[in-house]
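The values are calculated or read from the model by the stated rules, or taken from the named source; none is laboratory data. Being a predicted model, the structure only gives us computed values, none of them experimental. Neighbour counts are summed over all protein chains in view; Cβ atoms, including those assigned to glycine, are modelled from backbone coordinates with ideal geometry. Keep in mind that these areas ignore ligands, DNA and RNA; they rest on the heavy atoms of the full protein, side chains included. Shrake-Rupley method; radii C 1.70, N 1.55, O 1.52, S 1.80 Å.
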Amino acid sequence: MKAGIIVFPATNCDADTKRACEFFGWSAEYIWHSDEIKKHYDVIFLPGGFSYGDYISAGRIAKFSAAVETLPLRDSLIVGICNGFQILCEKGLLKGALTDNLSCRFLSEPAKLYFQDEIITIPIAHRQGNYTVDDLPDEDIFLKYVNNKNGSDYDIAGIYDRKTRIIGMMPHPERAVFKETGFIDGRKIFEFIKNEC
């Protein structure tokens with residue numbers, strides 16, 4: 001498994017994502033946002049953070065980066081986590097949009113999620129995590145909140161467009177891999193990603 005991790009100015013989960021990939025024995029390297037993607041990767045992550053300081057709105061500037069413009073759609077699995085999900089929606093690569101949470105507050109806490117017929121716990125950390133979408137097939141829903149605090153339509157926490165091979169999610173599985181963080185359910189997400197590559 002070879003993973004690429006796109007780094008934008010103000011990205012803050014790139015190191016966590018790389019460390020999580022390496023935990024599973026994957027080869028992982030960073031891709032600077034202004035570089036075109038020319039190498040082959042089994043999976044490319046757009047990690048969490050505040051790309052360009054979320055200036056204007058989350059993901060609105062990052063969507064124009066060379067790395068995003070040259071994403072190898074359908075060739076590599078693309079995974080957007082938190083800000084990465086926001087970027088993919090802003091770019092129009094995933095359906096829907098992410099707006100301010102119902103409380104208009106930043107939420108940073110463990111979240112219980114429905115994932116493949118079980119309940120797992122993975123941290124969330126976002127202000128614009130309220131996912132809105134007009135129509136989404138059930139098979140595209142990847143993760144659902146047990147207790148939906150941000151107001152996302154249909155309790156959606158993550159989606160997966162299998163046609164374009166793009167996953168987007170607000171929870172941070174890279175923060176739930178190592179025992180010292182208090183959560184290890186993120187391993188199940190990374191195992192799922194590996195099986196999809």
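Just so you know, in the stretch 58-96 the residues that are among the basic types (Lys, Arg) and more than 14 Å from VAL133 (Cβ to Cβ) include one that is modelled with the lowest pLDDT, and it is ARG60.
Within the stretch 104-133, the set of residues being open to solvent by less than 10 Å² (accessible area, probe 1.4 Å), of a type in the set (Val, Ile, Thr) and more than 13 Å from the chain's Cα centre (by Cα) comprises ILE120 only. Of the listed requirements (1) assigned to a loop (DSSP other than H, G, I, E, B); (2) in contact with a strand residue (DSSP E or B) (Cβ under 7 Å, 6 or more places away or on another chain); (3) open to solvent by 10 Å² or more (accessible area, probe 1.4 Å); (4) within 26 Å of LEU136 (Cα to Cα), ASN101 misses just one: (3). Taken over the stretch 1-14, the criterion of being of a type in the set (A, V, I, L, M, F, W, C) and part of a loop (DSSP other than H, G, I, E, B) is satisfied by MET1, PHE8, ALA10, CYS13.
Residues are listed down the side, and each one gets a yes or a no for (1) in contact with a Leu (Cβ under 9 Å, 6 or more places away or on another chain); (2) surrounded by 17 or more Cβ atoms within 10 Å (Cβ to Cβ); (3) closer than 17 Å to ILE119 by Cα:
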| residue | (1), (2), (3) |
| --- | --- |
| PHE142 | no, yes, yes |
| ASN150 | yes, yes, no |
| ILE159 | yes, yes, yes |
| ILE167 | yes, yes, no |
| GLU174 | no, yes, no |
| LYS179 | no, no, no |
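Counting only strands (runs of 3 or more DSSP E) that fall entirely inside the stretch 15-82 and contain at least 2 residues that are open to solvent by 10 Å² or more (accessible area, probe 1.4 Å) and more than 21 Å from THR99 (Cα to Cα), the qualifying elements are 27-32.
Of everything in the stretch 97-126 that is of a type outside the set (S, T, N, Q) and farther than 25 Å from LYS188 by Cα, the residue that is modelled with the highest pLDDT is ALA97. For the stretch 106-152, the strands (runs of 3 or more DSSP E) that sit wholly inside it and include 1 or more residues that are of a type in the set (A, V, I, L, M, F, W, C) and in contact with a strand residue (DSSP E or B) (Cβ under 6 Å, 6 or more places away or on another chain) are 107-115, 118-126, 141-145.
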